Amino acid sequence: MKKWKFPSLNIFIFVFILLLTLNLVCLVCVNGNEIFSYNKRYQNNTQFHYYDKNGNVLLQYDFIFKRLIEEYGDYTPSKITILKVNSTFGESRFNPQDASVIISNHLSSTDLTRTIAHESAHLCNYNLSNGANILTQFRFIDEGYANIIGNLVVDSEKEYYKSAMGIATVQKRNNNISLDKVQAWNSYGGGLENRKFYAYPVGSSFDYFIINKYSKEKFYLFFKDLGVSKNLEISIQNVFSKSIKIIESEWLESLNVVDIFAPKVIEMFPLNNLLNVDPNIKEIFVKFNVDMNSSICVGTNCEEGICYKNAYWKSKKILAIRIDSILLPNHSYKLSLGYKDKCRLISNYGEELPLMNWEFQTK
Ligand SMILES: [Zn+2]
């Protein structure tokens, strides 16, 4: 009779390794399945809302979605795809057919967030208005509100309100604002070609007027009603029980909440007509009494060492031009703020600085 013998340690080690190996293989199986099923859950779970073109969750933008839900509730699409593109003019757009936003690659982080929110707001506006937001005659309401939402999301809405109301007030002074004009959105400057800086803010000023004088609920009702009537006059009557003329004049009356001061130069270096200017100066500048629009329009002769290409906004009130080389000695420099027949420097609210010559002589 054979005596039972305790198996050798080698066999124990062998079996242990075998089990461990099997277990490891099994662990990989489970993990693999887990990863797969999590992915599936993400796809179907309304807890996450922004995705890239491959269907990956973009968690970092989910806070935008929470803001949209607060504003639009059920009119917010449950899933939005963000597609990044190299667009020619840096423009972004939206596609309601597949609830995607097509975002330019050339945006800084704040601008990127604001733009994703802006384009997402269009998708919500589309659902709210049954697609009426993309009709040319209602684009001023749509773009105006998308701008408001974009600024709400990046916490610059208070500043934007002031800016939009100021810009619209200046357009009113210039007799460039009416419901007829803004409904012809492309010729008003809201279209992609020949876009004017004031078009979107003027659209916002109309939305702000409705929200402030009536209520946000009325604004949403109105936008929704446009989706049924497809007619501004009828929806105004339906929702506000007023004629389109009355609403238009109320809107124009509302454009007086911002103090507008014409832009003026209050300081400059070198002073206009100054003689004996040091040719070694590294920068020249002008300071304005009011915040200015970030566009730059100056006349220079680059071959003489001062070039418009080196102009930049040092602050909202100070426009400077860097000088990379030593200036020509004993030379009369002739520059202009604004450029004849081309463009003008404008204030934050869009008031033009009259064309102004800037001359000085080096020693
Ligand atoms: Zn837009």
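Structure values in brief
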{"read-out": "Region 229-273: Cα Rg divided by the 2.2 N^0.38 Å rule of thumb", "value": "2.28"}
{"read-out": "Rounded D (µm²/s) - the chain, Kirkwood Rh over Cα pairs, Stokes-Einstein at 10 °C, 1.306 mPa s", "value": "64"}
{"read-out": "Computed Rg/Rh of region 265-362, alpha carbon atoms with Kirkwood Rh", "value": "0.95"}
{"read-out": "Cα gyration tensor category, rounded, prolate or oblate, for region 102-229 with a/c compared to 1.5", "value": "rounded"}
{"read-out": "Choice from L221, L345, L59 showing the highest fluctuation, given a GNM over the chain with Cα pairs closer than 10 Å", "value": "L59"}
{"read-out": "Neighbour-count order for F206, F261, F360, F48, fewest beta carbons within 10 angstrom listed first", "value": "F261, F48, F360, F206"}
{"read-out": "Dimensions (Å) - region 45-128, Cα atoms, principal axes, largest first", "value": "34, 25, 24"}
{"read-out": "Rounded to 5, percent antiparallel among DSSP beta bridges of the chain", "value": "75"}
{"read-out": "Rel. contact order, % - alpha carbon contacts under 8 angstrom, at least six apart, region 111-247", "value": "27"}
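No value in this document is a laboratory result; all are computed from the given coordinates. Owing to the predicted nature of the structure, the values given are computational and were not obtained by experimental measurement. Cβ sites come from the backbone with ideal geometry, for glycine too, and all protein chains shown count toward neighbours.
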